[in-house]
1. When you scan region 1-33, how many residues do you find that are at pLDDT 95 or above and in a loop (DSSP other than H, G, I, E, B)?
2. Hey, Ile36 hits all of (1) surrounded by 10 or more Cβ atoms within 10 Å (Cβ to Cβ); (2) part of a helix (DSSP H, G or I); (3) among the β-branched types (Val, Ile, Thr) but one; which does it fall short on?
3. Pairs needed: first member in region 27-39, on the phi < 0 side of the Ramachandran plot; second member anywhere, surrounded by 10 or more Cβ atoms within 10 Å (Cβ to Cβ) and in a helix (DSSP H, G or I); C-beta distance under 9 Å; at least 6 residues apart or different chains.
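The values are calculated or read from the model by the stated rules, or taken from the named source; none is laboratory data. All values derive from a computational prediction rather than experimental measurement. Cβ: placed from backbone, ideal geometry, glycine included. Neighbour counts: every protein chain shown.
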Amino acid sequence: MDSVRTLLVAVPLLGLLAAAIWFAAVEWVSVDVPAIPAWGYAALVSGVVLSLAVGIGLMALIFYSSRHGYDDAAAGRERHDRQP
């Protein structure tokens, strides 16, 4: 029964994904615009790298904070490793 529910959700979603990819590919090819210069690609790549670095850095801080108990006070729990 669970596999049928999974299929009833997954198949339409995969169909929508395929339709979106097809539509994007058709529109990408049909648009006639000037080529992107080399500095444009450099800006695009540096933006992607910077965004990934910020995202990875923030996720690392979240995991560090969670593992070292810095989030306990905000959640209403006290740290057990404190010594008076």
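1. Qualifying residue count for the region: 0.
2. The one condition Ile36 does not meet is (2).
3. Close Cβ pairs satisfying both conditions: Ile36/Leu44.
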